[in-house]
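Okay, so here's the structure we're looking at.
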Amino acid sequence: MSEVKEYLYKILVVGDLGTGKTSIIRRYVHNIFSSNYKSTIGVDFALKVIQWSPDIIVRLQLWDIAGQERFGNMTRVYYKEALGAFVVCDVTRQSTFEGVTKWKDDIDQKVNLPNAWGGGRIPVVLLANKSDLVNEGHGQHVNPVEMDELCEKHGFIKWFETSAKDNTNIDDAARFLIQSILSIE
Ligand code: GTP
Ligand code: MG
């Protein structure tokens, strides 16, 4: 019989204020959504345990970092030993796309993979959230060509248009990030 392997992955979730980081995590971990906005203060944590395959269990430790923290001096501490990240923007607010590159640069400056894994950049996935609002006439869907270019230019491994409200693409995005971390080791 093969032995079950367990992995613990610390994953950062960052992005500008109100883009939906906490909502994405609550949808992913607890399958709930609320339209009430309660801004995160500092950092919150959530754990999701995934039976990845018959012999692999992945524990995702999600670090939900307040958008406000980009202007603080704690991110270096929060980023320590992270193995992957999501950067979240809001399809209805163009300014949050500018935030994306700032968050990505911040991650690239402050965190690397362990030396045993080659010490390169951690894999980062871009989430363009609130896609449900586009269908209601707010903002517009992302342009796939522009998103591909943004990823290429700033080193995101992939982008997804997500909705925490409708539960669109969140599982797929998480699976993609986990797969990419598993393949580094
Ligand atoms: P900070 O903690 O302040 O950085 O914000 P956050 O990124 O954690 O945002 P949060 O998840 O608190 O969501 C902000 C607001 O957007 C809340 O009112 C949510 O209900 C709403 N929201 C989040 N995701 C979605 C979504 O996919 N669709 C819609 N329609 N609203 C969303
Ligand atoms: Mg939050």
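The values are calculated or read from the model by the stated rules, or taken from the named source; none is laboratory data. Keep in mind that this is a model prediction, so the values were computed, not measured. Note: ideal-geometry Cβ built from the backbone for every residue, glycine included; neighbour counts use all protein chains shown.
For LYS48, are the conditions met, namely being at pLDDT 95 or above, of a type in the set (Lys, Arg) and surrounded by 15 or more Cβ atoms within 10 Å (Cβ to Cβ)? So LYS48 passes the test. Selection within the range 82-109: residues that are in a loop (DSSP other than H, G, I, E, B) and more than 18 Å from GLY42 (Cβ to Cβ). The member of this set that is farthest from ligand 1 (Cβ to nearest atom) is LEU83. Only one entry of GLY15, GLY20, GLY42 meets the criterion of being surrounded by 10 or more Cβ atoms within 10 Å (Cβ to Cβ), farther than 23 Å from SER163 by Cβ, at pLDDT 95 or above and within 11 Å of ligand 2 (Cβ to nearest atom), and that entry is GLY42.
Would you mind stating whether LYS110 is more than 14 Å from the chain's Cα centre (by Cα) and buried (at least 17 other Cβ atoms within 10 Å of the Cβ)? For LYS110, the condition - more than 14 Å from the chain's Cα centre (by Cα) and buried (at least 17 other Cβ atoms within 10 Å of the Cβ) - is not met. Are any of the residues in the range 169-184 part of a loop (DSSP other than H, G, I, E, B), on the phi > 0 side of the Ramachandran plot and out of contact with any strand residue (DSSP E or B) (no Cβ under 8 Å at 6 or more places or on another chain)? No, the conditions are met nowhere in the range 169-184.
Which ones in the range 90-120 are farther than 17 Å from LEU17 by Cα and touching a helix residue (DSSP H, G or I) at 6+ places or on another chain (Cβ under 6 Å)? Passing the criteria: LYS110, VAL111.
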